[in-house]
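Following: one structure in structure tokens, then a few remarks.
The values are calculated or read from the model by the stated rules, or taken from the named source; none is laboratory data. Since the model is a prediction, treat every value here as computed from it, not as a measurement. In this analysis, Cβ positions are derived from the backbone assuming ideal geometry, glycine residues included, and neighbour counts consider all displayed protein chains. For the accessible areas, the whole protein counts, side chains as well, though only heavy atoms, and no ligand, DNA or RNA atoms are used. Shrake-Rupley method; radii C 1.70, N 1.55, O 1.52, S 1.80 Å.
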Amino acid sequence: VLEQQAEELRSKAQLDEVQSVLDNLQEETGRLAEELRAEFEAGLTARPTRTEVQDLIDPVAQSLASKADIDDVNGALEHKANRRQLEEMEQLLGSEDGAVRGTSARLDTLEERVGGSFQEVARELLLKVNVKDLMGLLDQKADGDELQQKLQEAMEEVEGRVTRSEWRSAISDQALINEALCAEHSLGRWIWRSGEVRASGLVPWEVQVVNTCPDNFQWQQNTPQVVAAAPGLYEISFGIFGKRKGTVSVLVNQETVFVLSNATASVSVRPQQGASCTGLTLVEFLVLPPQAQLSLAWQDAGVFPGGKPGGRAEGFFSARKL
């Protein structure tokens with residue numbers, strides 16, 4: 001029983017809420033109806049006059065009168081191209097445009113080729129001689145008679161020249177002569193000017209005057225030895241000049257081979273008193289071994305003819321391969 005009463009109370013509460021909502025809705029509906037009526041009455045009071053309405057209708061009527069009617073529009077549309085025709089025309093124009101562009105490109109290429117050909121022709125024309133210059137060159141050319149004369153002179157000159165075999169024979173003969181002359185002129189000459197000697201009176205050769213065969217005659221400055229590399233027969237010559245008497249010794253490999261002196265009565269060549277144009281000179285022939293060392297030794301006697309002191313000595317040494 002209590003549960004039924006509670007259920008009835010809950011149902012009653014819900015009915016009260018519904019009734020409250022309906023009352024509010026009725027009030028709102030009445031208010032809106034009043035507002036609509038007020039606006040309608042205000043609109044009836046402010047409606048336009050006939051003249052104002054006519055002024056608004058006239059411009060619209062004029063605009064409509066100037067427009068084409070539906071029949072005219074349909075007729076005009078019948079004469080217009082449809083979409084398919086427009087697409088075909090567009091394709092045709094595109095192909096024509098491509099052809100025009102291709103033709104323009106070919107014309108440009110042709111123009112470039114023609115321009116290049118003209119330039120080449122102009123260049124060739126500039127390189128060509130004109131008729132006046134060509135005639136001048138032809139006038140300078142020799143005629144037939146002159147050419148024949150020149151050929152005859154050339155043939156005479158050729159006939160006067162030696163042949164190849166004659167030239168080779170002459171070269172061979174000259175080579176033999178040169179070899180003989182070189183053998184006869186294998187010569188070396190050295191000078192001593194200081195008057196000073198080394199140990200044992202060896203003369204240092206200070207200046208080399210000539211040496212036609214440096215491989216054979218080997219010399220170093222301010223040394224007493226001259227090396228003759230090749231064995232064989234040699235012509236040896238030397239001279240010692242000065243106002244003093246003395247003795248000259250020729251040495252081969254530090255061994256004395258001959259001596260020359262003006263300090264004894266046995267020597268026929270002597271410097272005279274006050275004379276300096278003569279001295280101890282000699283030309284001798286020696287058979288030398290390989291790498292022979294040639295040197296001279298000078299022994300000053302310290303005696304001058306007339307008893308007066310003399311000056312320093314000087315001399316030369318020469319060797320020639322025979």
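In the range 208-259, what residues are open to solvent by 40 Å² or more (accessible area, probe 1.4 Å) and closer than 14 Å to Pro290 by Cβ?
Selection gives Asp215, Gln218, Pro231, Leu233, Asn253.
So for the range 305-317 (the condition being surrounded by fewer than 13 Cβ atoms within 10 Å (Cβ to Cβ), modelled with pLDDT under 90, within 60 Å of the chain's Cα centre (by Cα) and over 26 Å from Gln221 (Cβ atoms)), does at least one residue qualify?
no
Show the residue pairs that are 6+ apart or on different chains and have beta-carbon atoms under 7 Å apart, the first residue being within the range 219-240 and without any contact (Cβ under 8 Å) to a residue 40 or more places away in the chain, the second being of a type in the set (Val, Ile, Thr).
Close Cβ pairs (under 7 Å, with a partner that is of a type in the set (Val, Ile, Thr)) amount to Trp219/Val226.
Determine whether the range 266-279 contains at least one residue that is at pLDDT 85 or above and open to solvent by less than 60 Å² (accessible area, probe 1.4 Å).
no
In the range 174-188, which residues are touching a strand residue (DSSP E or B) at 6+ places or on another chain (Cβ under 9 Å) and open to solvent by less than 80 Å² (accessible area, probe 1.4 Å)?
Of everything in the range 174-188, those that are touching a strand residue (DSSP E or B) at 6+ places or on another chain (Cβ under 9 Å) and open to solvent by less than 80 Å² (accessible area, probe 1.4 Å) turn out to be Ala183, Ser186, Leu187, Gly188.
Which ones in the range 144-184 are among the small types (Gly, Ala, Ser) and over 30 Å from Lys321 (Cα atoms)?
Gly144, Ala154, Gly160, Ser165
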